[in-house]
């Protein structure tokens, strides 16, 4: 599951909002919200693009995208 709080905090840290993420992923802002909030699945390609956008290094991917708890 996506670590919702960690992703949202990183977006804020970089001054990005869901519209910015939606544009980068080429999906609707409402879909971004659903994916970040674990309502819809986050696909590997989307996670990869989002990691690039949020400047998340490879060693941190698990913390953001493979959390076993819902945050």
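I need the full set of residues from segment 6-32 which are touching a residue at least 40 places away in the same chain (Cβ under 8 Å), over 10 Å from the mean Cα position of the chain (by Cα) and part of a helix (DSSP H, G or I), in order please. If you could, list the steps in order and put the result at the bottom.
Quick first cut of segment 6-32, residues touching a residue at least 40 places away in the same chain (Cβ under 8 Å) only: 6-7, 10-11, 14.
From what's left, over 10 Å from the mean Cα position of the chain (by Cα): 14.
Residues satisfying the conditions do not exist here.
Identify the single condition in (1) part of a helix (DSSP H, G or I); (2) at pLDDT below 95; (3) more than 10 Å from the chain's Cα centre (by Cα) that residue 64 does not satisfy, given that it satisfies every other one.
The number of the failed condition is (3).
Could you check segment 48-71 and list, in sequence order, the residues that are farther than 14 Å from residue 20 by Cβ, touching a helix residue (DSSP H, G or I) at 6+ places or on another chain (Cβ under 8 Å) and touching a residue at least 40 places away in the same chain (Cβ under 8 Å)?
56, 63, 64, 65, 67, 70, 71
The values are calculated or read from the model by the stated rules, or taken from the named source; none is laboratory data. All figures in this text were calculated on a predicted structure; none of them were measured in a lab. We place every Cβ from the backbone using ideal geometry, glycine too, and count neighbours over all the protein chains shown.
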